[in-house]
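Chemist: Before I ask anything, here is the structure I am working with.
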Ligand SMILES: Cc1cc2nc3c(=O)[nH]c(=O)nc-3n(C[C@H](O)[C@H](O)[C@H](O)COP(=O)(O)O)c2cc1C
């Protein structure tokens, strides 16, 4: 498959063949991640390969109870990682150097370091997705890894400047698998020319019309429209609240305002 075909045929896969992913396929997937563009060629991420059934079972619960996670032969945990670089800086005397050098000062990893490492991490992850797809291996991201920060930190022995950003389920397609292509918004509402354009209420209605057409008001449905129903199911739901709490805890730990000095 060429890249264009790979991009166009990929869909998220949540049912996997039982076969374990071969070492050579896994190596190619990891290699693809490593070859992704990376800020300053720093590779500001770590990738934890998970095959242990016990760990997969734990993650299927801690990531908003999604049983299919436990059935994926391999999970890749993508960690935004400034820890290695800062440990290296420190081991090489960069703190003292920065303090004595004109125009330089020492700073612990900050918000922009975190953001940059997240960019690196997700670009590497998507390269892995595309390589996997080209090898007949389907994948599904799990955003809920952002929940339960303290638990995941402990489970993977993460120091505070290595944060779990994305979990990727990987597994071969089962024979006869039917792909379901999920529509995207119309291009005019997503790609703007030169500057951002705030959409009017009418444009928003048009943008969401297809999604909204699936909403059916029934006696047991308290929402009056698609937006209310979606907000209740996703953005305002309990798992989103846990995600917000967890990310705030991660940010506090990252900035070192918590006692946690791991
Ligand atoms: C950041 C991110 C988080 C996601 N989290 C989940 C998840 O927790 N569970 C799940 O089943 N799918 C998850 N997905 C997959 C999306 O639901 C899927 O990409 C989307 O519905 C579009 O479908 P497609 O990938 O088949 O085109 C996630 C995707 C992304 C990019």
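The values are calculated or read from the model by the stated rules, or taken from the named source; none is laboratory data. Quantities reported herein were computed from a predicted structural model and do not represent experimental measurements. Heads up, the Cβs are rebuilt from the backbone with ideal geometry, glycines too, and the neighbour counts pull from every protein chain shown.
Chemist: Would you check if residue 179 is under 25 Å from residue 144 (Cβ atoms) and within 16 Å of the ligand (Cβ to nearest atom)?
Modeler: yes
Chemist: For segment 38-49, enumerate the residues that are under 24 Å from residue 74 (Cβ atoms) and in a loop (DSSP other than H, G, I, E, B).
Modeler: 38, 43, 44
Chemist: Could I ask something else about it? Residue check: is residue 95 farther than 27 Å from residue 149 by Cα, within 16 Å of the ligand (Cβ to nearest atom) and either free of Cβ contacts under 8 Å to residues at least 12 places away in the same chain or within 16 Å of the chain's Cα centre (by Cα) (or both)?
Modeler: No, not satisfied.
Chemist: Could you please let me know if residue 102 is free of Cβ contacts under 8 Å to residues at least 60 places away in the same chain, out of contact with any helix residue (DSSP H, G or I) (no Cβ under 9 Å at 6 or more places or on another chain), outside any helix (DSSP H, G or I) and farther than 30 Å from residue 8 by Cβ?
Modeler: Answer is yes for this residue.
Chemist: Here is a follow-up. Specify the residue that is surrounded by the most Cβ atoms within 10 Å (Cβ to Cβ); the eligible residues are those in segment 1-19 that are modelled with pLDDT of 95 or more, assigned to a loop (DSSP other than H, G, I, E, B) and in contact with a helix residue (DSSP H, G or I) (Cβ under 8 Å, 6 or more places away or on another chain).
Modeler: 16
Chemist: Could you give every pair whose Cβ atoms fall below 7 Å, whose first residue belongs to segment 154-172 and is touching a residue at least 24 places away in the same chain (Cβ under 8 Å), and whose second residue is within 16 Å of the ligand (Cβ to nearest atom) and assigned to a loop (DSSP other than H, G, I, E, B), counting only separations of at least 6 or pairs across chains?
Modeler: So the pair list comes out as 167/63; 169/72; 170/72; 171/13; 171/16; 171/72; 172/16.
Chemist: Just for segment 135-149: of the residues that are crowded, with 20+ Cβ neighbours inside 10 Å and part of a helix (DSSP H, G or I), which one is nearest to the ligand (Cβ to nearest atom)?
Modeler: Here the answer is 144.
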